[in-house]
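Novice: To start, I am sharing the structure in question, which I have written as structure tokens.
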Amino acid sequence: MKGRTKSKFWRVKCACGNEQNIFAAASTAVTCLVCNIPLTQSRGGVSQLTDKATLVKTLE
Ligand SMILES: [Zn+2]
């Protein structure tokens, strides 16, 4: 059953080339494990990718 769940993970690619899985509903900014730049920022409780991060795919 599909609902408006926020329990999704994103696979994102950083500008430095690192790929990592992040929790899309994280309430705090997620940073790259390699170069430490922010990959997401939280706006109104919703995570948004920064311009340094590219969404590779959404993981259910
Ligand atoms: Zn990086």
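Nothing in this text is a laboratory measurement; each read-out follows from the coordinates by a stated rule. The shown structure was predicted, so the numbers you read here are calculated from the model rather than taken from an experiment. A quick note on method: Cβ atoms are made from the backbone with ideal geometry, for glycine too, and the neighbour counts reach across all protein chains shown.
Novice: For every other residue with a beta carbon closer than 9 angstrom to the beta carbon of L55, add +1 if it is Lys or Arg and -1 if Asp or Glu, then tell me the sum.
Specialist: +3
Novice: If one puts a single equal scatterer on every Cα of region 9-59 and applies the Debye formula without solvent, what log₁₀ I(q)/I(0) results at q = 0.14, 0.24, 0.25, 0.26 Å⁻¹?
Specialist: One equal scatterer on each Cα of region 9-59 leads to -0.27, -0.80, -0.87, -0.94.
Novice: For region 32-41, just list the computed ³J(HN,Hα) in residue order, Karplus coefficients 6.51, -1.76 and 1.60, θ = phi - 60°, integers in Hz, with x standing in for Gly and Pro.
Specialist: Those phi angles translate into 5, 6, 9, 10, 6, 7, x, 9, 9, 9 Hz.
Novice: What is the order of L49, L59, fewest Cβ neighbours within 10 Å to most?
Specialist: Fewest-to-most ranking of L49, L59: L59, L49.
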